[in-house]
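Visitor: Just dropping this structure here.
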Amino acid sequence: MGYGKWIGGLMGFMTMGPLGALAGFAIGSLFDNTNNLQYDQDQIYGEDSQSVNRGQRNSFLFSMLVMASYIIRADGKIMHSEMEFVRDFLRHNFGESAVTEGEQILLNLFEQRKHMDSVNPLAFKNTINQCGAQIASNLSYEERLQLLSFLAQIAKSDGYVCSEEIEALKEVAIAMGLSHQEVNSMLNLRGTSLDEAYKVLEIGPDATDEEVKIAYKKMALKHHPDRVATLGDDIRKAAEEKFQDINNAKERIYKARGIK
């Protein structure tokens with residue numbers, strides 16, 4: 001999956017707007033001949049449904065890296081553990097060839113943020129919010145939830161999510177048309193306590209048994225892996241793992257309450 005076949009080949013909705021501006025810096029510098037890149041896009045983009053799906057997938061991946069660059073720098077530092085997690089994350093979810101590419105794009109985004117913020121301290125923050133609005137207009141609700149799940153995993157990678165990271169996640173979620181409650185849900189996935197299980201289902205321990213069942217059905221619908229299948233098998237597989245975590249949370253609650 002070289003540059004020309006991943007983010008370089010079909011760029012989908014990220015060719016426009018604030019994502020396009022960031023892509024020009026973060027991705028354009030990876031190519032020796034930008035004219036050839038544009039030619040490839042013109043030749044391939046929109047030829048068939050598979051091409052459209054590839055463009056959407058690539059836009060999804062780039063959007064994830066843009067938002068990840070914001071989350072990682074939320075506390076003003078770039079932790080080695082976070083970057084190592086991103087490498088492993090890319091390797092596990094998108095294949096070995098995505099590791100070097102994704103890391104270089106992230107480094108370019110960090111550099112672009114430094115440049116933008118030197119002119120206006122709020123420049124990158126404002127761009128992130130604009131990118132969130134662009135993502136909300138072009139990705140389905142379920143696809144945005146999967147993107148948020150990835151970002152939450154990155155934030156949790158060093159074993160501690162600081163307040164700045166939580167606020168950054170909430171800011172990104174709102175910009176993408178999601179909620180603070182959904183951020184809390186994704187941050188509590190893979191927890192082992194009953195309290196964490198309730199947060200995953202976006203309810204409190206005072207919910208009735210019927211409300212628990214309704215909450216689980218709602219979660220099962222909006223997080224079903226089939227709803228992100230067009231983004232690729234690797235993203236669908238990650239969604240399946242998330243879906244299992246939600247089921248595990250439900251089972252803990254059902255067991256504690258004696259619900260059959």
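The values are calculated or read from the model by the stated rules, or taken from the named source; none is laboratory data. Source: prediction; values computed, not measured. Here the Cβ positions follow ideal geometry from the backbone for every residue, glycine too, while neighbour counts run over all protein chains shown. The area values use the complete protein model at the heavy-atom level, side chains included, leaving out ligands, DNA and RNA. Shrake-Rupley method; radii C 1.70, N 1.55, O 1.52, S 1.80 Å.
Visitor: So what does T127 come to for accessible area, using a 1.4 Å probe and Å² rounded to 10?
Guide: Counting only protein heavy atoms, the figure is 20 Å².
Visitor: What order do E84, E182, E210 take when sorted by accessible area (1.4 Å probe), most exposed first? Numbers along the way, then the final one.
Guide: Details: E84 70, E182 15, E210 110 Å².
Putting E84, E182, E210 in descending order of accessible area: E210, E84, E182.
Visitor: Starting from the Cα of F25, step 7 Å along the direction of its Cβ; do the same at E251; then give the gap between the two resulting points in nm.
Guide: Those two pseudo-labels are separated by 4.7 nm.
Visitor: If I model a spin label as a point 7 Å beyond the Cα along the Cα-Cβ vector, how far apart are those points for E167 and M16 in nm?
Guide: Here the modelled spin labels are 3.4 nm apart.
Visitor: Rounded to the nearest 500, what is the 222 nm mean residue ellipticity of the chain from helices alone, with -39500 (n - 2.57) per DSSP H run of 4+ residues and division by all residues?
Guide: On the way: 12 runs with 181 residues, N = 260.
That calculation yields -23000 deg cm²/dmol at 222 nm.
Visitor: Two decimals is fine: what is log10 I(q)/I(0) at q = 0.12 Å⁻¹ for the chain, from a Debye sum with one equal scatterer on every Cα and no solvent?
Guide: Those come out to -0.71, one per q.
Visitor: If you don't mind, there's one more thing I want to ask. Can you spot the aspartates and glutamates whose alpha carbon is less than 15 Å from K260's alpha carbon? Ignore those fewer than 8 places along the same chain.
Guide: D209, E210, E211, E251
Visitor: To the nearest 10 square angstrom, what accessible area does S118 show with a 1.4 Å probe?
Guide: Result for S118: roughly 90 Å² accessible.
Visitor: Order 194-206, 53-65 from most to least packed using the mean count of other Cβ atoms within 10 Å.
Guide: On the way: 194-206: 17.6, 53-65: 23.2.
Highest-to-lowest ranking by the protection proxy: 53-65, 194-206.
Visitor: Let me ask something else. If each of A229 and Q130 carries a label point 7 Å out from its Cα toward its Cβ, how far apart are those two points in nm?
Guide: Using points 7 Å along Cα→Cβ, the separation is 3.7 nm.
Visitor: Which lysines have a Cα lying under 17 Å from the Cα of K77, excluding residues fewer than 8 positions away in the same chain?
Guide: K114, K125, K156
Visitor: Just need the relative contact order of the chain here, percent rounded to a whole number, with Cα pairs under 8 Å and 6+ apart. All intermediate terms of the calculation are to be shown ahead of the outcome.
Guide: Working: 292 pairs, mean separation 49.2, N = 260.
Once divided by the residue count of the chain, the mean separation gives 19 percent.
Visitor: Give, as ranges by residue number, the residues of region 216-251 whose backbone N falls under 14 Å from the point 7 Å along Cα→Cβ of L194.
Guide: Backbone N within reach: 250-251.
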